[in-house]
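Notes for the one structure printed next.
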Amino acid sequence: NITCIKADVTNEIDIQRMFQSPFDVVIANAGWGSYKKIAKLSLVDWNATIAANLTSTFLTFREALRSDPLSSRLIAIASTASLKGNATVPAYTAAKHGVLGLVRSIALDVAKKGATCNAICPGFCDTDLAETAIKGIMERFDMDRATATAKVAAGNPRGDLISPHEIAKTTLFLASEGASAINGHALSVSGGEI
């Protein structure tokens, strides 16, 4: 019983339209980042990264609470980048730190309504974002794919990429009644990275 709605999550009108349909759980899952150190980062890349990661989460949660002030489960997919610094993705790291601050602020706001707001902080997942990092490493260092993939996965003590299935299972847990007392939490799903 899932309804799909195509929307630009950085566009306020699209977000408002999205919440005209009934909803149960709200998951802000947008993520994008430019792999450039701060000295090479353009303002365009900075603004796009902040919009894709932080503004989209703000718009999504704000509209959810406007549509249903008793929204019971708000979940942001942050990143381990929200828990530590990263010299190669400063805009992404700043945006994800912002997501975590937003989650903690909303959690305090909704707690007495019986609602929760939490963040899941994955390490590198087997998604397009990891693929971009792998290709970037291959090009920059003239590496083969296996070596570049191992370099990206090296932050995970398991030595692999987190699967989307692992993130989905964690999300289902935070959406469940069993997680009713978990609020304002940053749950690392990273194989022990952080």
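Each row is one residue, and each column tells you yes or no for (1) in contact with a strand residue (DSSP E or B) (Cβ under 8 Å, 6 or more places away or on another chain); (2) among the hydroxyl-bearing types (Ser, Thr, Tyr); (3) part of a helix (DSSP H, G or I).
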{"position": "61", "(1), (2), (3)": "yes, no, yes"}
{"position": "86", "(1), (2), (3)": "no, no, no"}
{"position": "91", "(1), (2), (3)": "no, no, yes"}
{"position": "102", "(1), (2), (3)": "yes, no, yes"}
{"position": "108", "(1), (2), (3)": "no, no, yes"}
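Filter region 1-14 for residues that are within 30 Å of residue 136 (Cβ to Cβ) and surrounded by 10 or more Cβ atoms within 10 Å (Cβ to Cβ) and give the result. Spell out how you get there, then give the answer.
Going through region 1-14, the residues within 30 Å of residue 136 (Cβ to Cβ) turn out to be 6-11, 14.
If the condition is that a residue be within 30 Å of residue 136 (Cβ to Cβ) and surrounded by 10 or more Cβ atoms within 10 Å (Cβ to Cβ), then 7, 8, 9, 10, 11, 14 are the ones that fit.
Restricting to region 128-149, and then to whatever is without any contact (Cβ under 8 Å) to a residue 40 or more places away in the chain and open to solvent by less than 60 Å² (accessible area, probe 1.4 Å), can you tell me which residue is nearest to residue 76 (Cα to Cα)?
Of region 128-149, the ones without any contact (Cβ under 8 Å) to a residue 40 or more places away in the chain are 128, 130-131, 134-135, 137-149.
From the residues that got through so far, the ones that are open to solvent by less than 60 Å² (accessible area, probe 1.4 Å) too are 130-131, 134, 137-138, 143, 148-149.
Details: 130: 19, 131: 21, 134: 24, 137: 28, 138: 30, 143: 34, 148: 28, 149: 26 Å.
The qualifying residue nearest to residue 76 (Cα to Cα) is 130.
Pairs only if they're at least six apart or on different chains, beta carbon under 7 angstrom, first in region 158-180 and touching a residue at least 12 places away in the same chain (Cβ under 8 Å), second assigned to a helix (DSSP H, G or I) and of a type in the set (Phe, Trp, Tyr); list them, first residue then second.
179/173
Determine, yes or no, whether residue 155 is part of a loop (DSSP other than H, G, I, E, B), in contact with a Lys or Arg (Cβ under 8 Å, 6 or more places away or on another chain) and more than 24 Å from residue 105 (Cα to Cα). Walk me through how you get there before you give the answer.
Details: part of a loop (DSSP other than H, G, I, E, B): yes; in contact with a Lys or Arg (Cβ under 8 Å, 6 or more places away or on another chain): no; more than 24 Å from residue 105 (Cα to Cα): yes.
So residue 155 does not fit the description; no.
Scan region 7-26 for residues that are modelled with pLDDT of 90 or more and either farther than 12 Å from residue 63 by Cα or of a type in the set (S, T, N, Q) (or both) and jot them down.
Selection gives 7, 8, 10, 11, 16, 20, 25.
Within region 118-146, which residues are farther than 30 Å from residue 178 by Cβ and outside any helix (DSSP H, G or I)? Break it down stepwise before answering.
In the first step, residues of region 118-146 are kept if they are farther than 30 Å from residue 178 by Cβ; the result is 128, 131-146.
Residues satisfying the conditions are 142, 143, 144.
Out of region 150-163, which residues are touching a strand residue (DSSP E or B) at 6+ places or on another chain (Cβ under 8 Å) and open to solvent by 70 Å² or more (accessible area, probe 1.4 Å)?
Once the filter is applied, which keeps residues that are touching a strand residue (DSSP E or B) at 6+ places or on another chain (Cβ under 8 Å) and open to solvent by 70 Å² or more (accessible area, probe 1.4 Å), region 150-163 yields nothing.
For region 21-36, state whether one or more residues are assigned to a helix (DSSP H, G or I), among the hydrophobic types (A, V, I, L, M, F, W, C) and open to solvent by 10 Å² or more (accessible area, probe 1.4 Å).
Our first condition is that a residue be assigned to a helix (DSSP H, G or I); within region 21-36, this holds for none.
No, because not a single residue in region 21-36 is assigned to a helix (DSSP H, G or I), among the hydrophobic types (A, V, I, L, M, F, W, C) and open to solvent by 10 Å² or more (accessible area, probe 1.4 Å).
The values are calculated or read from the model by the stated rules, or taken from the named source; none is laboratory data. Values in this document were obtained by computation on a predicted structure and should not be read as measured data. In this analysis, Cβ positions are derived from the backbone assuming ideal geometry, glycine residues included, and neighbour counts consider all displayed protein chains. For the accessible areas, the whole protein counts, side chains as well, though only heavy atoms, and no ligand, DNA or RNA atoms are used. Shrake-Rupley method; radii C 1.70, N 1.55, O 1.52, S 1.80 Å.
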